[in-house]
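Reviewing the structure listed below.
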C-alpha cells in the first residue's frame, strides 16, 4: 500500500482559493498512491483564528452527495480524478448546531465523503481553538481495503488514551494531520514515534510549513513503522513524502512482540 503525505507551505500572501486549487492539483498528481494525506486547517492556517468563522464550511448532506463546503467539493473531485483514498486534512466546519469544529474529511476513490472526524482535544488552553471551536466526542476509524486507519488531529497526539481506543476499534495505522509549531518540533517527532511503538501501528503525521498568523510551522511530516522506525521525514518547507506500507507488518509486529496482550485495564484506585 502506497501513501503520500503532502506537506503544504501555508503562505499568507496566497489566497485561500488559490491554495485550494493548487492543493487539488497536487492531489491529482498522486495517481500512483493508494492513500494521500493533507495537513490540518491548511486552507486558513491552524493559528489564523480570525479566519475560522468566516471560512467555516458546512458539510450537511455530504453522504447524500451534496457537498456544501468549497474545500469538500474540490477534494472530492481531486480524490475521484486521482483514484485515491484522500485524507483531506481538516477544515473549520460549522455544524448544524451552529458550533465551529475542526473537522477532518476522508474521501473514497469515487469522491464520496466516507468519514469525518471532529477533533477531540482542542489546543489553546484558554484561548484560540480551545474557546472558538467545539470538541468532538467520537473516535473514528476508516477501513480501507488493505488497512484500517485511526483518525486523530494535531494536539490529539499528546493523549495516548485516544490511540489506545483507536487500537481497540481495529486501527492498524494512525493518520494525524497537524499545524504543529516549530518551537515544539522535538515533541512532534518524539510523540509520533511513541504512538507507533506503544500501539504497534503505522503513524502518518502530516504537518505544514510556512507561518500561520506569525507562528512558524514545524513541517517535518513523518511516517513511522510499527517498530518505531522512521520510514521518511520531510524538511521544513513544502514537500511530498511517499512511502510503502506493508499491512502484514502490523500483525507480525504484534505477534513477535505481543505487548498489547499484556495491557492491564480497570485497575482499582489505591485505597486510602
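The values are calculated or read from the model by the stated rules, or taken from the named source; none is laboratory data. Just so it is clear, the structure is predicted and the values come from calculations on it, not from any experiment. Cβ atoms come from the backbone with ideal geometry, glycine included; neighbour counts cover every protein chain shown.
All of 86, 59, 100, 38 fail the test of being surrounded by 15 or more Cβ atoms within 10 Å (Cβ to Cβ), modelled with pLDDT under 95 and either more than 17 Å from the chain's Cα centre (by Cα) or closer than 26 Å to residue 162 by Cβ (or both), apart from 59.
Given (1) outside any strand (DSSP E or B); (2) closer than 21 Å to residue 216 by Cα, where does residue 8 come up short, assuming only one miss? Every condition holds for residue 8 apart from (1). From the list 156, 110, the lone residue that is modelled with pLDDT of 95 or more and part of a loop (DSSP other than H, G, I, E, B) is 110. Can you tell me which condition residue 216 does not meet? The list is (1) closer than 27 Å to residue 12 by Cβ; (2) in a loop (DSSP other than H, G, I, E, B), and all the others hold. For residue 216, the exception is condition (2).
Pick from region 198-225 the residues that are at positive phi and more than 16 Å from the chain's Cα centre (by Cα): which of them is surrounded by the most Cβ atoms within 10 Å (Cβ to Cβ)?
Within region 198-225, the first condition is being at positive phi, and the residues that meet it are 200, 210, 213-214, 219-220.
Subsequent filtering for residues that are more than 16 Å from the chain's Cα centre (by Cα) retains 200, 210, 213-214.
Values: 200: 24, 210: 21, 213: 15, 214: 9.
Going through the qualifying residues, I end up with 200.
For first residues located in region 15-35 and surrounded by fewer than 14 Cβ atoms within 10 Å (Cβ to Cβ), partners that are part of a helix (DSSP H, G or I) and lie 6+ apart or on another chain with Cβ distances below 9 Å form the pairs 17/70; 21/74; 25/78; 31/81; 31/82.
Just checking, how many residues over region 142-161 are in contact with a helix residue (DSSP H, G or I) (Cβ under 7 Å, 6 or more places away or on another chain), within 27 Å of residue 94 (Cβ to Cβ) and surrounded by fewer than 19 Cβ atoms within 10 Å (Cβ to Cβ)? If you could, list the steps in order and put the result at the bottom.
Of all residues in region 142-161, those in contact with a helix residue (DSSP H, G or I) (Cβ under 7 Å, 6 or more places away or on another chain) come to 146-147, 150, 152, 156-158, 160.
Narrowing further to those that are within 27 Å of residue 94 (Cβ to Cβ): 150, 152, 156-158.
Subset that is surrounded by fewer than 19 Cβ atoms within 10 Å (Cβ to Cβ): 158.
Number of matching residues: 1.
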